[in-house]
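Single-structure report; data block below.
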Amino acid sequence: SAGLLSITGSQGLQRIETELADWGPSGGSFPLTLEIEAIDTADVIVLKEIPHPPMSVTRDGFPMPSGWFHNPFADTLTITELETGLHVWSFLP
């Protein structure tokens, strides 16, 4: 099933790192949805336990070739949100 992580009203947030299994899917399963509602800019979210990169990444329904990075050596997916407001990131297999 789909995983959802929602972060609302973030202010002064610099970086959050979380184990993927703590909020739903395990083994880097997709699809994943990340909702970020930022009051200020430059929020960095690091999702751990993701051994493979997603095949498709969208932000607010539009393809996102940048703003995210998969590290295969650390099994992490890092997302950097640079705009305020509510944004929905979707990661598909």
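The values are calculated or read from the model by the stated rules, or taken from the named source; none is laboratory data. Quantities reported herein were computed from a predicted structural model and do not represent experimental measurements. Reconstructed Cβ throughout: ideal geometry from the backbone, glycine too, with neighbour counts over all protein chains shown. Calculation scope for accessible area: heavy atoms of the full protein, side chains included, ligands and nucleic acids excluded. Shrake-Rupley method; radii C 1.70, N 1.55, O 1.52, S 1.80 Å.
Things worth noting here:
- Residues in segment 69-93 that are more than 15 Å from residue 17 (Cβ to Cβ) and open to solvent by 60 Å² or more (accessible area, probe 1.4 Å): 72, 73, 82, 83, 84, 86, 92, 93.
Here is a yes/no grid of residues against (1) farther than 16 Å from residue 93 by Cβ; (2) part of a loop (DSSP other than H, G, I, E, B); (3) at pLDDT below 80; (4) open to solvent by 70 Å² or more (accessible area, probe 1.4 Å):
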{"residue": "6", "(1), (2), (3), (4)": "yes, no, no, no"}
{"residue": "16", "(1), (2), (3), (4)": "yes, no, no, no"}
{"residue": "22", "(1), (2), (3), (4)": "yes, no, yes, yes"}
{"residue": "25", "(1), (2), (3), (4)": "no, yes, yes, no"}
{"residue": "29", "(1), (2), (3), (4)": "no, yes, yes, no"}
{"residue": "34", "(1), (2), (3), (4)": "no, no, no, no"}
{"residue": "41", "(1), (2), (3), (4)": "yes, yes, yes, yes"}
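- Per-region count, segment 43-63, residues modelled with pLDDT of 95 or more and part of a loop (DSSP other than H, G, I, E, B): 2
- Among residues of segment 43-68, those that are open to solvent by 50 Å² or more (accessible area, probe 1.4 Å), in contact with a helix residue (DSSP H, G or I) (Cβ under 8 Å, 6 or more places away or on another chain) and of a type in the set (A, V, I, L, M), counted: 0
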